[in-house]
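The values are calculated or read from the model by the stated rules, or taken from the named source; none is laboratory data. Treat the numbers as computed from the prediction; the structure is a model and nothing was measured. Cβ placement follows ideal geometry from the backbone for every residue including glycine, while neighbour counts extend to all protein chains displayed.
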Amino acid sequence: MRILLVGPPYARDALRAQLLDSSIDVAGEFESIDDARQSGLAADALLVANESGSAARRRAAPEVVEEPLTPREVQVLALLAEGLANKAIAERLGISDQTVKFHVAAILGKLGVANRTEAVRVAVRRGLIAV
């Protein structure tokens, strides 16, 4: 999996150290999500290290998605963020609404949330999608 690493330098350093023994390839590093998106680099996801909170929290490792979302799940998540129902998502992607339900269930499980609204909130916070 190829990612773009976003955040302040000290947070990116800490995260990069955690990723050394993983199959995740850092395709590029940026200060902001906008810079990462405008770079044109191909990646499966954005991994964001936020600097909000106390100094101790800033030095802590950023939140990392345990199991990465597939490209299709990211597409479904972006359409969830638009407020679309399963049927509308299915029509937009040319898949069945049962397949959309399957993707939504997988997204909720991977993000560790209980509903669609929480999924969108967590995804935006982690830089997986932009609204």
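On the basis of being part of a loop (DSSP other than H, G, I, E, B), closer than 23 Å to V113 by Cβ, at pLDDT below 80 and not small (G, A, S), does E66 make the cut?
So E66 passes the test.
If I go through the stretch 10-53 residue by residue, how many of them are part of a strand (DSSP E or B), more than 24 Å from R72 (Cβ to Cβ) and out of contact with any Lys or Arg (no Cβ under 7 Å at 6 or more places or on another chain)?
1
Could you tell me whether any residue of the stretch 108-123 is of a type in the set (V, I, T), modelled with pLDDT of 85 or more and exposed (fewer than 14 other Cβ atoms within 10 Å of the Cβ)?
yes
Let me confirm something: among V124, V131, V74, which residue is under 29 Å from A11 (Cα atoms) and part of a loop (DSSP other than H, G, I, E, B)? Spell out the reasoning first.
Values: V124 fails: part of a loop (DSSP other than H, G, I, E, B); V74 fails: part of a loop (DSSP other than H, G, I, E, B).
So the residue among V124, V131, V74 that is under 29 Å from A11 (Cα atoms) and part of a loop (DSSP other than H, G, I, E, B) is V131.
Among the residues in the stretch 8-28, are any among the hydroxyl-bearing types (S, T, Y), at pLDDT below 85, surrounded by fewer than 13 Cβ atoms within 10 Å (Cβ to Cβ) and within 18 Å of V124 (Cα to Cα)?
Within the stretch 8-28 (the criterion being among the hydroxyl-bearing types (S, T, Y), at pLDDT below 85, surrounded by fewer than 13 Cβ atoms within 10 Å (Cβ to Cβ) and within 18 Å of V124 (Cα to Cα)), the answer is no, since none of the residues qualifies.
Of everything in the stretch 93-107, what is aliphatic (A, V, I, L, M) and surrounded by 14 or more Cβ atoms within 10 Å (Cβ to Cβ)? Give them in sequence order.
L93, I95, V100, V104, A106, I107
Restricting to the stretch 120-131, give me the number of residues that are over 11 Å from A78 (Cβ atoms) and without any contact (Cβ under 8 Å) to a residue 60 or more places away in the chain.
2
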